[in-house]
Amino acid sequence: MKDIEMILASGARTASDRSASGLPSYLDPARLGPWDTYLEQVDRVTPYLGSLATWVETLKRPKRVLIVDVPIHMDNGRIAHFEGYRIQHNTSRGPGKGGVRFHQNVTLAEVMALAAWMSVKNAAINVPYGGAKGGVRVDPRLLSVGELERLTRRYTSEIGIIIGPSKDIPAPDVNTNDQIMAWMMDTYSMNTGEATTGVVTGKPVNLGGSLGRREATGRGVFTVAVEAASRIGLPIDGARVAVQGFGNVGGTTARLFADAGAKIVAVQDQTGAIERADGLDVRALLAHVAECGGVAGFPAARGFETDEFWAYPCDILVPAALEGQITVANANAIKARMIIEGANGPTTPAADDILGERGVLVVPDVIANAGGVTVSYFEWVQDFSSFFWSEAEINQRLVRIMTDAFAGIWSVAQEKKVSLRTAAFIVGCTRILEARAMRGLYP
Ligand code: GLU
């Protein structure tokens with residue numbers, strides 16, 4: 001049963017809460033992990049930026065940070081306050097673009113990093129956007145549908161001063177979906193008095209959403225995996241694949257791998273880890289997760305220790321959950337030949353170094369999971385023109401964009417003898433800083 005104290009303890013903290021270090025929770029240096037990771041990645045790319053390095057400081061600070069209080073009436077009559085964020089990291093190449101995450105561990109530093117990765121991703125894949133991200137520190141599993149709707153609407157109203165179809169366009173991320181996008185679109189439209197479908201992407205199809213958007217991130221992960229595998233001579237048919245996270249991204253990726261003849265041998269999520277050396281029945285697992293909320297207890301598999309997941313024998317590893325998962329603590333144990341980052345920021349820079357030395361190919365988030373925002377871009381274009389494309393056309397264009405972007409990044413990596421991550425950052429950061437330098441400073 002839902003317990004209000006549990007909800008308050010999980011998410012409804014405020015900036016005045018003190019962490020162990022005595023600082024407000026959002027300033028606790030112990031929680032700057034993802035932002036530190038991002039800064040280190042920028043330091044690694046800087047020597048390759050030539051004269052554009054003059055502008056690199058632009059990448060090291062978000063353009064605009066909004067912290068909002070989100071008070072809502074709970075079903076039992078009490079009022080709970082949640083802390084929300086919307087961060088526009090960069091808008092040199094176009095409006096801000098990036099998802100909104102509802103999670104009990106969301107922090108300012110995390111959303112800063114996620115917004116920055118969107119800037120690099122959108123530039124690396126060459127969609128005409130800057131980078132932004134939002135989040136609310138809440139465990140949505142503890143809310144009723146009504147509470148979730150009130151939270152979404154109040155959060156949208158609070159960030160309404162900085163979002164808009166040509167300013168900043170939110171989308172789904174961890175624990176948010178097409179229903180939440182519909183509430184966001186409605187709230188923004190009611191507040192402005194105009195039916196504005198293009199203010200968010202990832203909407204339901206009958207509300208200006210795009211065919212293929214829900215599957216797009218997983219389809220992109222799979223497309224890039226096929227490209228990377230062919231370059232290292234790894235056949236997908238028969239490949240053993242382990243997936244962390246079985247939400248929209250992990251679940252779709254696993255299904256596409258299985259359809260192509262790969263074996264999904266291990267899956268781990270917030271409920272536990274399961275394995276089957278001969279390959280799991282992915283469709284049955286998807287049905288089990290939809291019903292039970294996680295992979296634990298799936299009958300046709302053996303449960304095993306979550307800690308052992310990273311060392312599980314496989315050829316391809318797909319982290320598709322949260323950031324900071326592959327670290328110095330487990331990078332040496334990984335058996336895969338290739339890691340495809342479905343999640344944002346799953347690998348720390350120190351782990352990147354270990355994997356690089358061990359010859360494990362890491363296909364970084366900013367290209368691997370860019371399929372979602374690519375189809376978000378198609379959705380936004382369709383909303384502007386009120387003319388909608390077929391699913392086949394969308395998937396075809398998605399595959400072409402992902403394949404071309406991957407090929408470009410692969411050749412930069414070969415030419416400069418750098419990791420795919422640094423190559424993707426070279427391509428992305430160069431595009432951002434070229435735009436920044438051309439636009440100049442105002443006033
Ligand atoms: N949340 C997704 C990401 O991290 C999609 C963002 C979008 O479509 O704007 O890339």
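The values are calculated or read from the model by the stated rules, or taken from the named source; none is laboratory data. Keep in mind it's a predicted model, so treat the numbers as computed, not measured. For neighbour counting, all protein chains shown are included, and Cβ atoms are generated from backbone atoms with ideal geometry for every residue, glycine included. Only protein heavy atoms, including side chains, enter the accessible area calculation; ligands, DNA and RNA are left aside. Shrake-Rupley method; radii C 1.70, N 1.55, O 1.52, S 1.80 Å.
Taken together, the residues in region 372-401 that are closer than 30 Å to GLU40 by Cα and either among the polar types (S, T, N, Q) or touching an Asp or Glu at 6+ places or on another chain (Cβ under 8 Å) (or both) amount to 2.
Going through (1) in contact (Cβ under 8 Å) with a residue 40 or more places away in the chain; (2) more than 18 Å from the chain's Cα centre (by Cα); (3) under 28 Å from TYR38 (Cα atoms); (4) not in a loop (DSSP other than H, G, I, E, B) one by one, VAL267 falls short only on (1). Counting residues in region 210-218 that are open to solvent by 10 Å² or more (accessible area, probe 1.4 Å), more than 30 Å from PHE388 (Cβ to Cβ) and in contact (Cβ under 8 Å) with a residue 40 or more places away in the chain gives zero. Would a scan of region 40-61 turn up a residue that is of a type in the set (Gly, Ala, Ser), touching a His at 6+ places or on another chain (Cβ under 9 Å) and either modelled with pLDDT of 95 or more or open to solvent by less than 50 Å² (accessible area, probe 1.4 Å) (or both)? Looking for residues that are of a type in the set (Gly, Ala, Ser), touching a His at 6+ places or on another chain (Cβ under 9 Å) and either modelled with pLDDT of 95 or more or open to solvent by less than 50 Å² (accessible area, probe 1.4 Å) (or both), one finds none in region 40-61, hence no. Cβ-Cβ under 9 Å, sequence separation 6+ or interchain: first residue in region 290-310 and without any contact (Cβ under 8 Å) to a residue 40 or more places away in the chain and over 16 Å from LEU280 (Cα atoms), partner among the hydrophobic types (A, V, I, L, M, F, W, C) and open to solvent by 30 Å² or more (accessible area, probe 1.4 Å). Which pairs? Correct list of pairs: GLU308/ALA333; TRP310/ALA329; TRP310/ALA333. For ALA331, the requirement of being open to solvent by less than 30 Å² (accessible area, probe 1.4 Å), under 30 Å from SER119 (Cα atoms) and either under 23 Å from the mean Cα position of the chain (by Cα) or not β-branched (Val, Ile, Thr) (or both) is met. Of the strands (runs of 3 or more DSSP E) contained entirely in region 301-378, those carrying at least 3 residues that are more than 16 Å from the ligand (Cβ to nearest atom) and over 30 Å from TRP389 (Cβ atoms) fall at 302-304.
Run down TRP389, TRP410 and say which single residue is surrounded by fewer than 24 Cβ atoms within 10 Å (Cβ to Cβ), over 21 Å from the mean Cα position of the chain (by Cα), modelled with pLDDT of 95 or more and assigned to a loop (DSSP other than H, G, I, E, B).
Numbers: TRP410 fails: assigned to a loop (DSSP other than H, G, I, E, B).
That would be TRP389, the only listed residue that is surrounded by fewer than 24 Cβ atoms within 10 Å (Cβ to Cβ), over 21 Å from the mean Cα position of the chain (by Cα), modelled with pLDDT of 95 or more and assigned to a loop (DSSP other than H, G, I, E, B).
Which count do you get for residues in region 338-352 that are in contact (Cβ under 8 Å) with a residue 60 or more places away in the chain and either aliphatic (A, V, I, L, M) or out of contact with any helix residue (DSSP H, G or I) (no Cβ under 9 Å at 6 or more places or on another chain) (or both)? Residues that pass the stated criteria total 3.
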